[in-house]
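A short worksheet on the structure shown next.
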Amino acid sequence: MARRLREGMRENDTVARLGGDEFLILLPSIESVHHVIAVVQNIKTILQPVFRIGNHEIYITCSIGVSVYPDDSKHLEELLRDADTAMYHAKNCGRNNFQFFTTEMNLAVQRQMRLVSLLSQSLEKECFFLNYQPQIDLLTGRMIGVEALLRWQTPELGLVSPAEFIPVTESSGLICAIGDWVLTAACQQGRVWLQQGCLLHVAVNLSSIQFHQHNLVSKVANILAETGFPAHLLELEITEGIMLADKNSVLTTLGELKALGVHISIDDFGTGYSSLSYLKRMPIDKIKIDQSFVRDLADDPNDAAIVKAIIAMTHGLNLDVIAEGVETEAQLSFLLSRQCHKAQGYYFSKPVSAEAISELWHDKSC
Ligand code: C2E
Ligand code: MG
Ligand code: MG
């Protein structure tokens with residue numbers, strides 16, 4: 001059992017046998033509760049196959065208690081005690097399951113598992129749809145593109161925010177299938193708009209997990225071919241976190257996407273990985289200034305300085321720039337005065353349906 005546990009964990013995890021039938025696993029690099037669920041499920045899978053001892057075939061189950069640093073405690077002894085308490089709770093709940101130490105954590109985990117189960121049926125049940133948010137050229141006032149934003153609505157939960165369900169699709173691996181659906185639906189819609197005479201760029205968010213799929217480029221190429229949407233009108237939004245992976249493979253993938261004719265933008269710029277060197281090495285077209293800097297632009301001199309610097313940098317590097325989350329006239333005039341000529345935000349429009357985008361386009365062109 002110790003061997004199986006050790007082989008199933010990552011290199012920087014610690015597996016120890018405390019005595020008797022008790023094991024302790026220390027996971028130092030857990031980013032969120034999603035990862036804990038994945039590890040716990042992995043442990044169950046590892047222990048499932050039969051153990052053969054002499055002529056005996058033995059099946060075992062395990063009860064797992066989880067405590068989390070620093071939420072439950074900052075002290076090792078207390079964390080161990082909490083994990084132990086949670087494990088006895090797991091045993092009392094019928095064994096062969098896991099429990100977190102705190103009720104809040106258990107509730108959060110239950111909700112996660114419910115979301116995973118509902119999300120996995122949602123493509124079939126057609127519970128996803130896209131909204132589109134206009135992107136505006138500030139010099140002409142015209143809508144030049146849209147960002148496709150995924151919406152998820154189920155009879156059980158109603159409308160769930162992407163901030164809640166996107167991380168769950170990422171940790172459960174569902175993001176790839178859902179992401180394919182988003183890309184296809186957005187390109188199909190882009191093609192319909194073109195046929196209606198609306199010349200719009202369509203931006204689609206790409207999670208880093210999607211980005212690192214080995215077949216991403218051929219997938220994008222196939223979707224473009226199948227939908228007949230021109231590659232130069234498709235923009236893929238990636239985040240700075242993508243640059244944390246092997247630089248050469250990121251460079252290759254971006255190069256191949258660019259070769260298709262697709263545009264690449266950096267979403268939420270300034271909030272993630274802080275090295276700027278990738279900007280000169282990677283084939284990137286556009287930077288999206290994160291809304292957290294735009295929000296207090298008019299009142300906070302620090303935000304104003306950051307936005308000013310980002311805009312100047314994009315000009316120097318010959319990159320396109322767009323501000324996200326523009327809500328007020330004051331933000332707009334600041335951006336214009338600093339030569340940022342593209343923006344997106346509630347000031348112009350919230351994300352709306354595809355039909356509403358066609359109407360907006362035709363209203364403006366009259
Ligand atoms: P994002 O890509 O940065 O998208 C912008 C978010 O800001 C959207 O939230 C949009 O509704 C919101 N927003 C736009 N203008 C304003 C404004 O003026 N004020 C404020 N307060 N908010 C504004 P939403 O739709 O809730 O999406 C949240 C995040 O979920 C997105 O952030 C994106 O990271 C992710 N997401 C959405 N759709 C997809 C998708 O299809 N795939 C992936 N991987 N991620 C997605
Ligand atoms: Mg985005
Ligand atoms: Mg953003």
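The values are calculated or read from the model by the stated rules, or taken from the named source; none is laboratory data. Predicted model, so just to flag it, every value in this text is computed and none were measured. Please note: Cβ atoms are built from the backbone with ideal geometry, for glycine as well, and neighbour counts cover all protein chains shown. Areas reflect the complete protein model, heavy atoms only, side chains present, ligands, DNA and RNA absent. Shrake-Rupley method; radii C 1.70, N 1.55, O 1.52, S 1.80 Å.
Remarks
- Considering region 1-53, the qualifying strands (runs of 3 or more DSSP E), each wholly inside and each with 1 or more residues that are at pLDDT below 95 and of a type in the set (Lys, Arg), run over 14-19, 51-53.
- Residues that are farther than 30 Å from residue 174 by Cα and open to solvent by 20 Å² or more (accessible area, probe 1.4 Å) within region 125-152 comprise 137, 138, 139, 140, 141, 142, 144, listed in sequence order.
- Taking region 175-197 as the range and being surrounded by fewer than 19 Cβ atoms within 10 Å (Cβ to Cβ) and either in contact with a helix residue (DSSP H, G or I) (Cβ under 7 Å, 6 or more places away or on another chain) or at negative phi (or both) as the test, the residues that pass are 176, 177, 180, 181, 184, 188, 191, 192, 194, 195, 196.
- Scan of region 301-329 for residues that are open to solvent by 50 Å² or more (accessible area, probe 1.4 Å) and within 16 Å of ligand 1 (Cβ to nearest atom), ordered by number: 327, 328, 329
- For region 70-187, the strands (runs of 3 or more DSSP E) that sit wholly inside it and include 3 or more residues that are of a type in the set (Val, Ile, Thr) are 143-154.
- Residue in region 240-247 that is under 25 Å from residue 146 (Cα atoms), in the same structural domain as residue 306 (by TED's automatic domain parsing) and open to solvent by 10 Å² or more (accessible area, probe 1.4 Å) present: yes
- Yes/no for residue 348 being in the same structural domain as residue 265 (by TED's automatic domain parsing) and closer than 24 Å to residue 191 by Cα: yes
- Listed by first and then second residue, the pairs with beta-carbon distance under 9 Å, at least 6 apart or on different chains, first residue in region 186-211 and in contact (Cβ under 8 Å) with a residue 24 or more places away in the chain and of a type in the set (Lys, Arg), second surrounded by fewer than 20 Cβ atoms within 10 Å (Cβ to Cβ) and outside any helix (DSSP H, G or I), are 191/228; 191/230.
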